[in-house]
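**Student:** Structure provided below as structure tokens; questions to follow.
The values are calculated or read from the model by the stated rules, or taken from the named source; none is laboratory data. Computed from a predicted model, the values in this text were never measured in an experiment. Virtual Cβ from ideal backbone geometry, glycine too; neighbours counted across all protein chains shown.
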Amino acid sequence: MRIAIRYLCFLVVMMSAGTLYSQTITGKVTDNENLPLPGATVIVKGTQTSTVTDIDGSYKLSNVKTGSTLEFSFIGFLMKSVVANSAEINASLTPNTQELNEIIVVGASVKRSDLTGAVANVEGKKLTETPTSNVVQAMQGRAAGVYVQQSSTPGGNASIKIRGNNSIQFGTNPIFVVDGLIIEGGFDSINPNDIANIDILKDASSTAIYGARGANGVVVITTKKGTKGEGKVNFDTWVGLSEFSKAMPLMNGQQLFDLRVDAFANQYMDKNPGADRAAYINQIKSDGSTVFAPYELASYRNGKSYDWLNEVTRTGVQTNYNLSFSGGGDKGSYFMSFNYADEDGLLKDSSFKRYNGKINLTQDVKSWLQVGTNTTFSRSIATYIEGSAFGNALGANPLLPIDPNATYLKYGDVLNSDAYNPIKSLTIDNTSSKNRLMSSNFVNIKPTSGLSLRTTFSVDITDQANFSYQPIDTGQSIRNSANGDANHYRYSELNYQWDNTITYAKTIGKHDFSALGAFSVQKNTNNYTQVDARGFASDDFTYMYLNGASQKQDFTLGSDFVTTSLMSYTGRLNYSYDKKYFATVTTRLDGSSRFGPNNKWGTFPSVALGWDISKDFLQSVESIKLLKLRGSYGIAGNQNIPNYSYVSKFRPVYTNGTVVYQPSGYLGNPDLQWERQKQFDFGLDFATANNRLSMTVDYFNIKNDNLLMVIGVTKLSGFGSQVDNVGEMVNKGLEFSANYKILRENDFNWDISANISSAKNKVTALYGDTSAIYNKGGYTGVEIQRTGNLFVGQSINSIYVFQFDKIAQTSDMADISKIDFGGRTVKPGDIVPVDRNKDGKIDDNDRYVVGNTDPDAYGGFATDFSYKGFGLNAVFAYSIGGKRISSAYESFMSSGGMSAAHTDLLDRWTPEHTDTNVPRAYYGGGRFNSYETSLAIQNASFLRLNALTLSYNLPSQLLEKAYLKNMRLYVTGSNLFTATKYKGYDPEGGDGYPSSRMFVLGLNVSL
């Protein structure tokens, strides 16, 4: 018994001692600038005890034995170990320049510092400040030299250009590289929440490793990875309500009625100069009118005006959910995410849904062997309204009572078979689905210090299916005598990429050397099949039962199979001395199947030099951290031409029992060569201590020759055109970006960032002695169009029109009568163009380049403000000086009352109101329209507030009770305002579909 009592007492004493020597430790984890690091991992070495810091960088660990070692880690920072010898331990982490400066390019891990050329960077967290599921839209205004134009359609892709235009006809878009996998489209498959960093490579040196593929810039996306320590769970969600950001101010029924009266009366008086205008107006406003239908007179007399657009629109709803898991140990890491995005568009029956799943894994199998995968699967489903529905609803007659059963719309008693009833168009089925698998898988071997061998196999697989059905009673079906029309379209693409690299890095004293050698192969195969069937007994099965179609003779079939390949050899050498002087030399040899055997291979070298002046002359100035001059020169190539352009293609056609081979596409040109870009870049990077202020300036000059473009050939060849190397152009510009941390206090932080860019291109030569190539079309097919023309000495995006002189007044008629207007009539109130060549007549020789669609400058700026748990963020984008054509506005301004009209026509010329540039109302032709002259060309400059966000992070003391690490609530206004003089819907998206304004409520939670 005594022994048992003694043993019990011993246990009590030992337990008490254990308690005495265990403690609760609290503290804060910060970076090198003393800013909190939320989400940092704190682990007791050798145990499973760990925690994650909250939004303030604070942490709390219980039951930590005195003398234990705490390990503090955070992605992008060096791990720090501290002995637990006090109840409060704060840790300041140092950035890991190796990890922060590493990106995955084609098959190799490359330091950002080795990219001596022009590189812009956008952090992943910045992308999520704009509520969108499209990564390109989220990039707008974030980086100098990157020009993004928004898309307003649900699930639509924004367009992106880097440093403007560098080709006349073929290839203007950059490539995207996602964890080493090159993709050239379908950017909507990328989930912005998965992105850790984006690097935009802009000059020949930084893009040289991609050879021909990088001629128009490279967007390198690095997705999130797991880190050592306690596993993390993050959940993000937001819901938004959207509306049209702008309504087109159109005339109501009463105003349109008066416009038509004025237009018809003007026409009548031109034809009958001595007639009684008032009597004519009286007649057309009375019963039995030859101008107004009975229903229009009734609507006018009853003060009715009908809004057809309201019948096909609604409030849009968007929701987004993102769940991720990450973590890792000593030998591996993992990151998994799941995303669901759902968007109901502003037009009824338009929607977009996307499902994303991603997994990134790395594992050290041996100390010298690492394997990994970066794999994403995406499925999207879109339903969209028939293409003409929005335009028909917008342009519908406000005097026409709404009738869901009408087949066509009308003005007066004239049915317009081109104006389908937009309400009935909602019954048309249009569905598209796309499955995409992107996977990059690598094996990395490090046999000895500094040497790395890496092989990466990547695939990009896409399967897309589009289905549509036009019901029997729709105007679209009736007009084509289709009796129901079903369409199936299936597209499949397989793109595989195999990259093999060897890299070696060595430091000898102050000398740093690194070398890279690479061999890569890429092959793309794609095919499509299309079936169009007509003549259905009923609409019951829509597009799901093609066997039910009876008009077999009207079936349309289509298909094609295409294969292209690219083989490349790359060598790169990097050298730096004392971290002050830098040099990079790269050569890439590309072989493309798009060129014939005569010129299949192209060689693209580049060189870049850098000098950090601050380390030579400014070492005593502690406030300056970096002052680096850099310059680069290189040659890039372009192979983005139609497939098989080097051979003449023929298709077999069965006619009258005989097989005939007909020409297809372009006349073959076996001598096609690579388009070449000679790129020069000079830049300056500046940063103060702790990066309080950082700036980057770049000047670039790109000379393009051997430009690939389509030229006409003799009809005797059987073809109408051919792809050839014929043109030359230059493209030059400036870029500037700056970041400034205005305030840095414990509870108060304020940052601002801004960038501005300019890129101007000019055609310097076309083929032979040709100084102009005209884009002809229109009703006759030979009318010179306003855009698409090429002129030596002008931008490739020029606008070519007559110069507006004035609105003709009665006092001008004596002078006007001396001018030959080429069959046109000019009366008081009509437009008068300028006779630029002074030959007494107005013809195509009087047209001129009024401007171009290239902005003089573009960019963005942002501000981030935080106080304790509150945050305020604003993101702006702008464009200055570009011109744009608004087809919708021009159409509404050309109305004579028999189509929808803009309210600006209320300011039209009349004998009593002559001080205006709006011509008189007129029904009929024979006059100059505003869209033919510079009067219609608009200033597309704008300033847009892309996003304004107010957020609140809940206090850590409250979250601990719920076992949460962080919780952030926020509200965001997206596209809150756009300041612009542009009269169309949107100076970026144009007039096909208006942009939307959205109000978002969101939640971020981590545990």
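**Student:** Can you pull out the residues in region 54-65 that are at pLDDT 80 or above and either within 42 Å of the chain's Cα centre (by Cα) or part of a loop (DSSP other than H, G, I, E, B) (or both)?
**Tutor:** Matches in region 54-65: 59 only.
**Student:** State which residue is farthest from residue 688 (Cα to Cα) when the search covers only region 595-623 and only residues that are buried (at least 20 other Cβ atoms within 10 Å of the Cβ) and touching a Ser or Thr at 6+ places or on another chain (Cβ under 8 Å).
**Tutor:** Ranking the candidates gives 602 first.
**Student:** I would also like to ask the following. Output the residue which, of all residues in region 563-573 that are among the β-branched types (Val, Ile, Thr) and surrounded by 16 or more Cβ atoms within 10 Å (Cβ to Cβ), is farthest from the chain's Cα centre (by Cα).
**Tutor:** The qualifying residue farthest from the chain's Cα centre (by Cα) is 570.
**Student:** In addition: Look through 582, 555 and report the one residue that is within 30 Å of residue 484 (Cβ to Cβ) and either aromatic (Phe, Trp, Tyr) or touching a helix residue (DSSP H, G or I) at 6+ places or on another chain (Cβ under 7 Å) (or both).
**Tutor:** 555
**Student:** Can you name the number of the only condition in (1) surrounded by fewer than 22 Cβ atoms within 10 Å (Cβ to Cβ); (2) assigned to a strand (DSSP E or B); (3) in contact with a Gly (Cβ under 7 Å, 6 or more places away or on another chain) that residue 357 fails?
**Tutor:** (3)
**Student:** Here is a further query. Kindly establish whether residue 460 is more than 26 Å from residue 378 (Cα to Cα) and not in a loop (DSSP other than H, G, I, E, B).
**Tutor:** Judged against the criteria, residue 460 is not a match.
**Student:** Another question, if that's okay. Starting from residues that are among the polar types (S, T, N, Q) and without any contact (Cβ under 8 Å) to a residue 60 or more places away in the chain, keep the ones in region 527-549 and report whichever is farthest from residue 506 (Cα to Cα).
**Tutor:** My answer is 547.
**Student:** Still on this structure, I have one more. Do we have residue 591 as over 32 Å from the mean Cα position of the chain (by Cα) and either not β-branched (Val, Ile, Thr) or not in a strand (DSSP E or B) (or both) here?
**Tutor:** no
**Student:** Being buried (at least 18 other Cβ atoms within 10 Å of the Cβ) and of a type in the set (S, T, N, Q) is the filter here, so list the residues in region 484-534 that pass it.
**Tutor:** Of everything in region 484-534, those that are buried (at least 18 other Cβ atoms within 10 Å of the Cβ) and of a type in the set (S, T, N, Q) turn out to be 487, 495, 497, 501, 503, 514, 520, 522, 524.
**Student:** Here's something else I'd like to know. Suppose we filter region 877-904 for residues that are crowded, with 17+ Cβ neighbours inside 10 Å and closer than 28 Å to residue 943 by Cβ; how many remain?
**Tutor:** Residues flagged as crowded, with 17+ Cβ neighbours inside 10 Å and closer than 28 Å to residue 943 by Cβ within region 877-904 amount to 15.
**Student:** Look at residue 649 and say whether it is farther than 21 Å from residue 611 by Cα, surrounded by 14 or more Cβ atoms within 10 Å (Cβ to Cβ) and charged (D, E, K, R).
**Tutor:** yes
**Student:** Which of the numbered conditions does residue 944 fail, given that it passes all the others? Conditions: (1) in contact with a helix residue (DSSP H, G or I) (Cβ under 7 Å, 6 or more places away or on another chain); (2) in a strand (DSSP E or B); (3) among the basic types (Lys, Arg).
**Tutor:** Evaluating residue 944 over (1) in contact with a helix residue (DSSP H, G or I) (Cβ under 7 Å, 6 or more places away or on another chain); (2) in a strand (DSSP E or B); (3) among the basic types (Lys, Arg) leaves (1) as the failure.
**Student:** Let me ask something else. Could you figure out which of (1) loosely packed, with under 14 Cβ neighbours inside 10 Å; (2) among the charged types (D, E, K, R); (3) closer than 26 Å to residue 770 by Cα isn't true of residue 815?
**Tutor:** Unmet condition: (3).
**Student:** Tell me, which residue of region 916-928 that is out of contact with any helix residue (DSSP H, G or I) (no Cβ under 7 Å at 6 or more places or on another chain) and surrounded by fewer than 18 Cβ atoms within 10 Å (Cβ to Cβ) is nearest to residue 821 (Cα to Cα)?
**Tutor:** Checked region 916-928; the qualifying residue nearest to residue 821 (Cα to Cα) is 926.
**Student:** For residue 998, all conditions in the list (1) over 21 Å from the mean Cα position of the chain (by Cα); (2) under 16 Å from residue 876 (Cα atoms) hold save one; what is the number of the exception?
**Tutor:** (1)
**Student:** Which pairs have Cβ atoms under 6 Å, sit 6 or more apart or on different chains, and link a residue in region 555-572 that is under 15 Å from residue 643 (Cβ atoms) and charged (D, E, K, R) to one that is outside any strand (DSSP E or B) and at pLDDT 95 or above?
**Tutor:** Partner pairs satisfying both residue conditions: none exist.
**Student:** Looking at 701, 643, which one is closer than 22 Å to residue 608 by Cα and surrounded by fewer than 20 Cβ atoms within 10 Å (Cβ to Cβ)?
**Tutor:** 701
**Student:** Ok, one more. Against the condition in a strand (DSSP E or B) and touching a residue at least 24 places away in the same chain (Cβ under 8 Å), how does residue 984 come out, does it pass?
**Tutor:** So residue 984 fails the test.
**Student:** What about residue 830, is it surrounded by fewer than 19 Cβ atoms within 10 Å (Cβ to Cβ) and out of contact with any helix residue (DSSP H, G or I) (no Cβ under 7 Å at 6 or more places or on another chain)?
**Tutor:** Criteria not met by residue 830.
Here is a yes/no grid of residues against (1) under 30 Å from residue 976 (Cα atoms); (2) touching a Lys or Arg at 6+ places or on another chain (Cβ under 8 Å); (3) modelled with pLDDT under 95; (4) of a type in the set (Gly, Ala, Ser):
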{"residue": "243", "(1), (2), (3), (4)": "yes, yes, yes, no"}
{"residue": "252", "(1), (2), (3), (4)": "yes, no, no, no"}
{"residue": "301", "(1), (2), (3), (4)": "no, no, no, no"}
{"residue": "307", "(1), (2), (3), (4)": "yes, no, no, no"}
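**Student:** Considering each residue of region 611-649, count those that are part of a loop (DSSP other than H, G, I, E, B) and more than 30 Å from residue 173 (Cβ to Cβ), and give that number.
**Tutor:** Matching residues across region 611-649 total 7.
**Student:** Can you name the residue in region 632-644 that is modelled with pLDDT of 90 or more and of a type in the set (Ser, Thr, Tyr) and, of all such residues, is nearest to residue 563 (Cα to Cα)?
**Tutor:** Looking at the filtered set, the residue picked out is 633.
**Student:** Among the numbered criteria (1) modelled with pLDDT under 95; (2) closer than 30 Å to residue 762 by Cα; (3) of a type in the set (A, V, I, L, M, F, W, C), which single criterion is violated by residue 814?
**Tutor:** Unmet condition: (2).
**Student:** If a residue must be surrounded by 12 or more Cβ atoms within 10 Å (Cβ to Cβ) and among the β-branched types (Val, Ile, Thr), how many such residues does region 535-562 contain?
**Tutor:** 2
**Student:** Given the condition assigned to a loop (DSSP other than H, G, I, E, B), modelled with pLDDT of 95 or more and β-branched (Val, Ile, Thr), answer yes or no: does some residue in region 390-402 qualify?
**Tutor:** yes
**Student:** For the structure I just gave you, tell me whether residue 362 is under 26 Å from residue 459 (Cα atoms), surrounded by fewer than 21 Cβ atoms within 10 Å (Cβ to Cβ) and not aliphatic (A, V, I, L, M).
**Tutor:** yes
**Student:** Exactly one condition in (1) among the aromatic types (Phe, Trp, Tyr); (2) at pLDDT below 95; (3) more than 27 Å from residue 371 (Cβ to Cβ) is not met by residue 528; state its number.
**Tutor:** So the condition that residue 528 fails would be (2).
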